[in-house]
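Heads up, the thing below is written out as structure tokens.
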Amino acid sequence: MEQAKNRKAWKTLCTVSARDILEGQWTVEQLDGLLLDFMIGFEHPHPLYRKRVTIVIGSEMPHWGKKFRNTLDNKSRHLVFCGKSMSLQKNRDVWLAGGDADTAVGFVRRYNKTHDHYNLNAYLKMRVFLALQIPSQTTIQMIKDYCDPKDYKDGAEVPDIREYQPMIDIFDKVDCLVDIMNGSAYKKGKNKDVELINSPVHRHIEELFDVVRIFEEWRKESKGKSEQYITSYTHDDLLWMVFGVAAVAALYLDPDGSKTMHQGRSGSDVCEHFFSMIRCINSNPTMKQCIVGASKVASRNMFGGNLFSFDSKANSGKTQVSAKEYLAPIQTISKTKKEMKKRKHK
């Protein structure tokens with residue numbers, strides 16, 4: 001029954017809009033101001049079998065965070081919200097004024113920013129933590145300190161906090177989005193007040209709706225001027241990410257909280273880790289070799305010990321055993337006994 005219910009839920013995503021899915025759990029007032037007239041799931045031919053599979057679009061937070069930061073750094077755009085400009089360069093000027101840029105190695109900085117956060121190249125643009133540390137509470141505090149009159153001498157010109165308030169509001173919502181999608185209550189000793197979503201109408205989903213609302217307000221304010229707003233695909237990814245989580249909660253979870261979803265696994269990182277394990281076995285597999293590798297990875301023996309260690313500076317992991325050792329046939333009991341006898345004789 002449960003499997004049949006799951007299949008029906010997936011099939012439903014291909015036939016109705018996000019509004020149709022959410023209106024069964026949320027009131028019209030709760031969904032006010034949200035753009036919901038789009039599809040979340042689509043049918044697609046299976047590459048191997050003569051049947052169609054359901055592809056659910058749900059953009060993941062790490063990649064969205066990088067695209068959002070890259071939009072701030074886009075020189076062809078002049079982002080404007082509530083009449084105030086927003087850019088990575090503007091944030092960099094605040095950081096430079098704080099003096100952290102001149103801090104020598106080995107000394108404590110006031111904020112977790114470095115030149116790598118602002119002087120981006122192709123490699124640095126791919127680093128998730130650098131992107132997500134821009135729209136963060138640390139950045140918001142850095143801006144507030146920059147505009148604090150207490151840090152200036154008498155008669156000195158103090159920057160107006162109102163010039164940065166729209167940026168603070170956007171960064172605060174994005175930081176909330178990141179915390180919710182990570183699904184981790186504590187990080188480096190800080191209580192994020194985050195929990196796993198366990199009901200169709202959850203407070204975190206309401207908070208995600210508020211994130212979408214402020215971006216919708218920003219989009220409407222731009223009045224079709226694309227250079228004043230984030231890119232269209234970044235906006236679409238935000239909608240799919242938020243409403244993908246909300247739709248799964250509406251279709252799968254029960255109001256009594258008996259089921260729980262880990263919203264942090266709604267992206268493709270889990271799949272990428274799985275593929276990297278397969279690549280450790282064969283770096284360029286065919287379709288059949290990929291299936292064999294997947295079965296090896298999914299077997300119980302694959303998850304014991306420290307067989308795989310992931311390199312944080314690479315897209316794939318590294319094995320701690322050679323490919324020859326890993327692909328060797330499993331020794332039989334009789335063979336093991338023979339080797340033990342040989343060792344005793346020696």
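The values are calculated or read from the model by the stated rules, or taken from the named source; none is laboratory data. All values derive from a computational prediction rather than experimental measurement. For neighbour counting, all protein chains shown are included, and Cβ atoms are generated from backbone atoms with ideal geometry for every residue, glycine included. Side chains are part of the model used for accessible areas, which takes the heavy atoms of the whole protein and leaves out ligands, DNA and RNA. Shrake-Rupley method; radii C 1.70, N 1.55, O 1.52, S 1.80 Å.
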Cα-derived Rg to Rh of segment 208-267, Kirkwood definition: 1.11
Within segment 173-227, trypsin sites (Lys or Arg not before Pro) in DSSP loop having at most 15 other beta-carbon neighbours inside 10 Å: K188, K223, K225
Partner aspartates and glutamates for K288 [C-alpha distance under 20 Å; skip if fewer than 8 residues away on the same chain]: E272
Radius of gyration, Dmax [segment 172-226; alpha carbons; angstrom]: 13.9, 43
Pairwise Lys count, segment 107-193 - Cα closer than 30 Å, eight or more residues apart or different chains: 29
Sequence of V270, V94 from largest to smallest accessible area, 1.4 Å probe: V270, V94
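Quick one: grab the alpha carbon gyration tensor of segment 66-155, order the square roots of its eigenvalues as a ≥ b ≥ c, and give me rounded if a/c is under 1.5, else prolate or oblate depending on whether a/b is larger than b/c.
oblate
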Computed FRET value (nearest 0.05) for M126 with K190, which takes r as the C-beta separation and R₀ as 25 Å: 0.45
Percent accessible area from carbon and sulfur atoms, segment 233-283, protein chains only, probe 1.4 Å: 56
Segment 191-300 shape via C-alpha gyration tensor axes, a/c threshold 1.5: oblate
Label point distance in nm, A294-Y252, each placed 7 Å from Cα along Cα→Cβ: 1.8
Mean shadow area of segment 232-272, taken as a quarter of the surface of its Cα convex hull (nm²): 3.5
Candidate aspartates and glutamates for bridging to K75, where Cα separation is under 18 Å - those fewer than 8 sequence places away on the same chain excluded: D93, D116, E227
With DNA, RNA and ligands ignored, accessible area of C290 (1.4 Å probe; Å², nearest 10): 40
Estimated FRET transfer efficiency when R0 is 30 angstrom, pair Y233-C14 (beta carbons, to 0.05): 0.85
Cα radius of gyration and Dmax for segment 134-260 (Å): 18.1, 61
